[in-house]
Amino acid sequence: MDIVLENFDRFVQGLTTTLSLTALSWVGAFVIGVAVASLRVGPIPPLRGAGAVYVEVVRNCPLTVLFVVFYFGFPSIGIILPKFASAVIILSVYTGAFVAETVRAGFNTVARGQVEAARTLGLSFAQMLGMVVLPQALRAVVGPLGSLLSALIRNSSIAFSISVIELTGTTFQIATETAEFIPVFVAAAVAYLLLTLPTGLVVGVIERRVAIKR
């Protein structure tokens, strides 16, 4: 336990990096997910196909493989990004595929009668999506989206594979320097629990408050 207290400031710094990585990646994943889900239910077949290809390819690739391919592939085409920015992009693209499918499932919960009513009123596809379908769809999938957020918190640890020193990276460094692997990794596990468990509780509260009464 002394090892943890002696390196507490480093743990806090790693935890801060994890939180920043998660927050930025979640914003990116949410934007990508909503956009792709909208394409997949849109009226333009090529865009529907592109959305489907993106979702299927990304969801069926291991995240570690995506980190390696993107991080080492970008420089080969002249794109050189900081490690942290690369990690945010990769996590956003990966999680965005799952968000897209979750939001698309939410679209299916909206009563078809409401969609037909929106069309009768002369709303365009974009107006119907933004004003009628999307608000209801998001309310229906708060729980699944919360699960994806918790998964993203854990997945952020893979950023260590490209030398982003977040919580897991900090833990590895301290454990290697001190040879005290068990207490250091137990402390890291507790830190991840302190992130994911409250997230689940907050999401549960939000889900109950915004639930659509049927």
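Helices that extend 24 Å or more along their long axis by alpha-carbon positions and average at least 1.0 on the Kyte-Doolittle scale are, among the DSSP H runs of the chain, 8-40, 83-107, 181-210. Look at I44, I3, I174 and count the other Cβ atoms within 10 Å of each Cβ; fewest to most, that gives I44, I3, I174.
Here each label is just a point 7 Å from Cα along the line to Cβ, and for M131 and R154 those points are 4.2 nm apart. Of interest is the spacing of the C-alpha centroids, which for region 127-154 and region 1-72 amounts to 16 Å.
To the nearest 0.05, what FRET efficiency results for R48 and T196 with a Förster distance of 45 Å applied to their C-beta separation? Calculated transfer efficiency: 0.85. The calculated FRET efficiency for R10 paired with R209, based on their beta-carbon distance and R0 = 30 Å, is about 0.20.
No value in this document is a laboratory result; all are computed from the given coordinates. All values reported here derive from a predicted model rather than from experimental measurement. Here Cβ is always computed from backbone atoms with ideal geometry, including for glycine, and neighbour counts include all displayed protein chains.
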